[in-house]
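The values are calculated or read from the model by the stated rules, or taken from the named source; none is laboratory data. On a predicted model such as this, the values are computed, not experimentally measured, just so you know. FYI the Cβ positions are ideal-geometry reconstructions off the backbone, even for glycines, and counts take in every protein chain you see. Protein only, heavy atoms only, side chains kept; ligands, DNA and RNA dropped before computing areas. Shrake-Rupley method; radii C 1.70, N 1.55, O 1.52, S 1.80 Å.
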Amino acid sequence: MEPAPSSGNARGALGRQVEAVLASRGEANAVFDVLAVLQSEHPAEVQDAVRACSHLFGALLQRGELFVGQLPPEEMVMAGPQGATRKYKVWMRHRYQSCCTRLGELLAHPSFEVKESALTSLMKFVRLEGAHPLEKPKWEGNYLFPRELLKLVVQGLLSPEEDRTLLLSHFRSYLEHDDIRYHTMQAATEAVARATDGHPEEHRKVFQHMWLSFLKHKLPLSLCKKVLVIMHDAILPSLAQPSLMIDFLSRAYDAGGAISLLALNGLFILIHKHNLEYPDFYRKLYGLLDPSIFHVKYRARFFHLADLFLSSSHLPAYLVAAFAKRLARLALTAPPEALLMVLPFICNLLRRHPACRVLVHRPRGPELDADPYDPQEEDPARSRALESSLWELQALQQHYHPEVATAASAINHALAVPEVSIAPLLELSAFEIFERDLKKAPESVPLEFLPAQGLLGRRDQLCAQVFTLG
């Protein structure tokens, strides 16, 4: 093996090549020389190349000289009729991609100094891609996080063959940032879940132990929400004993507010797929129904799960009646976009449970001051909902929005057996209703038979004679 050239000379040559590329697009091919040094067998050379790539592509990211959007195949673009600027950006984005892939491989380099340099450069790119995204946002102001790049880093840190504790300790400093911490947990969960697929005995136990140990701590509210969001599809399926999560989910369900709503998904899986008994579940679900339920961020998720929980035909009539009555009472002050979802929801409850149709077959039911239903009662069994009527839906038939009035009028007719799917209505927003109303064709409105002749009428009329000035 030939001796390594002087580190200073190699660093100087790489520096000149980088500056040449940054100064002129005509020198772009020099990038290949820089990337080639990343494959060197000499750790010092590799470190110099890592620093050079960090400087080069960091500057290109900041200057917006990398292609933004779904990256097309290089050959297709270079052979096509696209302009020189587009070709350059696509070509350089492919070089940047090759650089990141090689830096991810260098996280397994025998030299810790090389590993550390590669990690530092990759995390620099994560920061810069966050500020200068290489994806096009779906809407203005949407924050795009470089998930795939961070996933590459996490996969390099979680090696099944080598203990990379020292490198992980260096990475720990980046976890002070909320977005890095959140997406690191997601990437780590995916990586470990893939590993458990082929080793369902030991790996699932280790994964389970990791999460149980983590969730024993008192988590900040924001972090607790993030864990609950991924609990049902990224954590529970990979545990050896999913039922062990009942303590954490129970505490979250008892916390109230958005935390309780997010805990429903995990509890649903434990109750329906793992036959877990949960006392007072419906009583607590009933307690979540308050005016804020129509305005929270997770409204769609809550009503989707509530619909599943109330779908069983074995539920007692008093319980279903209590939910229907509580929702009807809340509907009196709900916004139109929520009413267009909750009114079919209530009608579906009556379709599933014929014993509750007595609530709409009391045409002369009690008014508000004589309604036996107790909205302050926390126990649905004692709310006396089954003795009441859904007079609230009759009141909503006079709602100012015609679609709401029509939806509330459904109880005036025999309810059809097929349920109305509420899935398309769960995400309905006020903006969508407004846009839909704007697109409707204007109706013809009858005008006056006699056209106006002036502000005060015709000249021969008494009003015009009395009030005419001058």
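Is it true that PHE431 is modelled with pLDDT of 80 or more and out of contact with any helix residue (DSSP H, G or I) (no Cβ under 6 Å at 6 or more places or on another chain)?
yes
Could you say whether any residue in segment 34-46 is part of a helix (DSSP H, G or I), open to solvent by 30 Å² or more (accessible area, probe 1.4 Å) and in contact with a Ser or Thr (Cβ under 6 Å, 6 or more places away or on another chain)?
Yes, segment 34-46 contains a residue that is part of a helix (DSSP H, G or I), open to solvent by 30 Å² or more (accessible area, probe 1.4 Å) and in contact with a Ser or Thr (Cβ under 6 Å, 6 or more places away or on another chain).
For segment 386-415, give me the residue count where each residue is in contact (Cβ under 8 Å) with a residue 60 or more places away in the chain and closer than 17 Å to ARG352 by Cα.
5
In segment 284-304, what residues are open to solvent by 40 Å² or more (accessible area, probe 1.4 Å) and of a type in the set (Lys, Arg)?
Scanning segment 284-304 gives LYS284, LYS297, ARG301.
Could you list, ordered by first residue, the pairs with Cβ atoms under 6 Å in which the first is in segment 38-61 and farther than 20 Å from PHE112 by Cβ and the second is open to solvent by less than 40 Å² (accessible area, probe 1.4 Å) and assigned to a loop (DSSP other than H, G, I, E, B), at least 6 apart or interchain?
From residues that are farther than 20 Å from PHE112 by Cβ, the pairs are LEU60/LEU66.
Looking only at segment 311-343, count how many residues are more than 23 Å from GLU377 (Cα to Cα) and in a helix (DSSP H, G or I).
Count: 6.
So PRO336 clears everything in (1) touching a residue at least 40 places away in the same chain (Cβ under 8 Å); (2) open to solvent by 40 Å² or more (accessible area, probe 1.4 Å) except one condition, right? Which one?
Tallying (1) touching a residue at least 40 places away in the same chain (Cβ under 8 Å); (2) open to solvent by 40 Å² or more (accessible area, probe 1.4 Å), PRO336 fails exactly one: (2).
Return yes or no: is GLU403 charged (D, E, K, R), at pLDDT 65 or above and open to solvent by 100 Å² or more (accessible area, probe 1.4 Å)?
The answer is no for GLU403.
Taking the condition free of Cβ contacts under 8 Å to residues at least 60 places away in the same chain, surrounded by 14 or more Cβ atoms within 10 Å (Cβ to Cβ) and assigned to a helix (DSSP H, G or I), does GLY12 pass?
Answer is no for this residue.
For segment 148-166, name all the residues that are among the charged types (D, E, K, R), more than 20 Å from LEU128 (Cα to Cα) and open to solvent by 80 Å² or more (accessible area, probe 1.4 Å).
Of everything in segment 148-166, those that are among the charged types (D, E, K, R), more than 20 Å from LEU128 (Cα to Cα) and open to solvent by 80 Å² or more (accessible area, probe 1.4 Å) turn out to be GLU161, ASP163.
Could you tell me which numbered condition GLU161 fails, if it satisfies all but one of (1) charged (D, E, K, R); (2) at pLDDT 80 or above; (3) part of a loop (DSSP other than H, G, I, E, B)?
GLU161 satisfies all of (1) charged (D, E, K, R); (2) at pLDDT 80 or above; (3) part of a loop (DSSP other than H, G, I, E, B) except (2).
Can you tell which of ALA131, ALA84, ALA79 is more than 25 Å from ASP48 (Cα to Cα) and either among the polar types (S, T, N, Q) or under 29 Å from the mean Cα position of the chain (by Cα) (or both)?
Of the residues listed, the single one that is more than 25 Å from ASP48 (Cα to Cα) and either among the polar types (S, T, N, Q) or under 29 Å from the mean Cα position of the chain (by Cα) (or both) is ALA131.
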